[in-house]
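Report on the structure given below.
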Amino acid sequence: MEEREFNGLADAMLSSIEKVIDESGADLDLEVKPGGVLELEFDNGSKIIINRHTAAREIWVAAKSGGYHFKPEGNRWIASRDGAELTAVLERCILEQSGVAVKLALGE
């Protein structure tokens with residue numbers, strides 16, 4: 001996959017994540033940083049960092065439970081380690097770190 005195509009797909013996914021979290025009403029701080037980075041911060045001070053990694057053609061997620069790498073497959077983002085979908089992993093990580101369930105219905 002060409003870099004330009006990957007960046008377009010990744011940026012679209014990051015924008016979708018940002019929009020759904022903003023509209024969810026969840027009590028967390030979401031900050032968009034330059035270079036395709038989303039930072040979620042919770043009341044307890046913990047964070048989840050979501051970013052595009054162009055060189056690897058992946059979206060990376062760093063959470064308390066670990067680091068995850070996702071590659072685009074069709075219209076889905078799939079973890080290279082275990083085949084989990086990006087939205088499912090994010091939902092679980094947000095619940096674990098905040099105690100609040102957020103549904104990320106992104107149409108993956």
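May I ask you to list the residues in the range 61-89 that are of a type in the set (D, E, K, R) and assigned to a loop (DSSP other than H, G, I, E, B)? Answer for the range 61-89, where residues must be of a type in the set (D, E, K, R) and assigned to a loop (DSSP other than H, G, I, E, B): LYS64, ARG81, ASP82. Quick check: is even one residue across the range 19-26 over 15 Å from the mean Cα position of the chain (by Cα), modelled with pLDDT under 90, surrounded by 15 or more Cβ atoms within 10 Å (Cβ to Cβ) and part of a loop (DSSP other than H, G, I, E, B)? Within the range 19-26, one or more residues are over 15 Å from the mean Cα position of the chain (by Cα), modelled with pLDDT under 90, surrounded by 15 or more Cβ atoms within 10 Å (Cβ to Cβ) and part of a loop (DSSP other than H, G, I, E, B). Just one of the listed residues (GLU58, GLU41, GLU91) is surrounded by 13 or more Cβ atoms within 10 Å (Cβ to Cβ), at pLDDT 95 or above and acidic (Asp, Glu), and it is GLU58. Exactly one residue out of SER46, SER24 is within 23 Å of GLU96 (Cβ to Cβ) and in contact (Cβ under 8 Å) with a residue 60 or more places away in the chain, and it is SER24.
The values are calculated or read from the model by the stated rules, or taken from the named source; none is laboratory data. Quick caveat: nothing in here was measured; it's all calculated off a predicted structure. Heads up, the Cβs are rebuilt from the backbone with ideal geometry, glycines too, and the neighbour counts pull from every protein chain shown.
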